[in-house]
1. I need a count of the residues in the range 139-181 that are touching a Phe, Trp or Tyr at 6+ places or on another chain (Cβ under 8 Å), of a type outside the set (D, E, K, R) and more than 24 Å from ILE305 (Cβ to Cβ).
2. ASN195 - would you say it is at pLDDT 95 or above, at positive phi and in a loop (DSSP other than H, G, I, E, B)?
3. Being surrounded by fewer than 18 Cβ atoms within 10 Å (Cβ to Cβ) and either in contact with a Ser or Thr (Cβ under 8 Å, 6 or more places away or on another chain) or part of a helix (DSSP H, G or I) (or both) is the filter here; which residues of the range 1-37 pass it?
4. Can you tell me how many residues in the range 145-160 are of a type in the set (D, E, K, R), farther than 20 Å from ILE92 by Cβ and in contact (Cβ under 8 Å) with a residue 12 or more places away in the chain?
5. Residues to consider are GLY231, GLY174; find the one that is closer than 19 Å to THR285 by Cβ and touching a Gly at 6+ places or on another chain (Cβ under 6 Å).
6. Could you list, in sequence order, all residues of the range 143-177 that are acidic (Asp, Glu) and closer than 17 Å to ALA96 by Cβ?
Amino acid sequence: MIGHKRIPSREGGVEIVVDEISTRLTERGYHVDAYNRSGYHVSGKEFDEKRGKIYNGIRLITIPTFKSSSLNAIVYALLATIRVLFGQYGIIHYHAEGSCVMLGIPKFFGKHVVATIHGLDWQRAKWGNFASRVLKYGEKQAAKKADAIIVLSRNVQEYFKDQYNRETIFIPNGIDKPCLKENREILKCFGLRKNDYILFLARLVPEKGAHYLIEAYRELKTEKKLVIAGGDSHASEYMERIYQSVKENNNIIMTGFVQGRILEELYSNAYVFVQPSDIEGMAMTLLEAMSYGNCCLVSNIPENIEVVEDKAMSFQKGDVADLKEKLQYLLENESVVRNYKEKSSAFICGKYNWEDVVDRTVQAYFGNAGEGK
């Protein structure tokens, strides 16, 4: 596995997917090596390379790289790729467009290469022109040279067909049904009670849309708090701007990066979960929020609507006025919120599950899955 930051980690959806799939592959008797990237964790702590070499049966191999956010991913992908050339691997699985820049190297040496496109990363606002070009090149390498391409949404599947005339294998992410948690830690740390807050949970990068939600929240008539949970592995101008914009509003709570019990409690006790993204592949936080039985309000991008169908409310992407209107409606209509909550968990856990994901991934590895299926 190449392309994630590091596992075990909840730094992003890619890390969760690599963790879940790799763990289940080892349980089925496969040998899995995960090439972790050295550097800074999204919580701000430097990754501890001594934390262990084996995790859930997965061998962890840490690849050194630069600390610069503009260089670390590409250097990591190159060094990891060089190292796998000397391993006896049946499959080399690249995750995300950035790492696919190096995909042609093992293919040249006759290796069997699979790529998972977690989203069209080159479109993300945080990347400059050069970085976007590099990501686009990675996408082209995958389209031309990968033995199999896995995509997480029908929208991206159609994109690869239209752009490259390349068939792909649609394998969405999975989810497990969680146990709900009482508001013990979040009450102690943030003063949060059940149904007392609106929840946003994502990395603080422009395409996740926290700024839309904060702007809309300021116009709401409500006593409920807004919780912005998330961070980024590198301090950014955008993240600083978000913190500056809320510092005088005591009802907007910035938790930073969360995981473990606090994360579970935030999901378990929210009144509404909001997913205002401009761009997604397949948001793990949305699947998780629904699995906890949340009423969700999502931007109407295809990748979100494909997941929620009619089991959540949506608003026009990037439209703060529409977001504010839909939020106000949910705040004033508890019966509507309750109805969404009653349906969301059973729906999402029935629609997506990790064992099915792994079954189909194994088929993709060994050529038993029809492309485009």
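1. Number satisfying all stated conditions: 5.
2. Numbers: at pLDDT 95 or above: yes; at positive phi: yes; in a loop (DSSP other than H, G, I, E, B): yes.
Here the answer is yes, as ASN195 does meet what is asked.
3. Residues satisfying the conditions are THR26, GLU27.
4. 1
5. One residue alone meets the criteria, GLY231.
6. If the condition is that a residue be acidic (Asp, Glu) and closer than 17 Å to ALA96 by Cβ, then no residue fits.
The values are calculated or read from the model by the stated rules, or taken from the named source; none is laboratory data. Please read all numbers here as calculations on a predicted model, not as lab measurements. Using ideal geometry, Cβ is built from the backbone for each residue, glycine included, and neighbour counts are taken over all protein chains shown.
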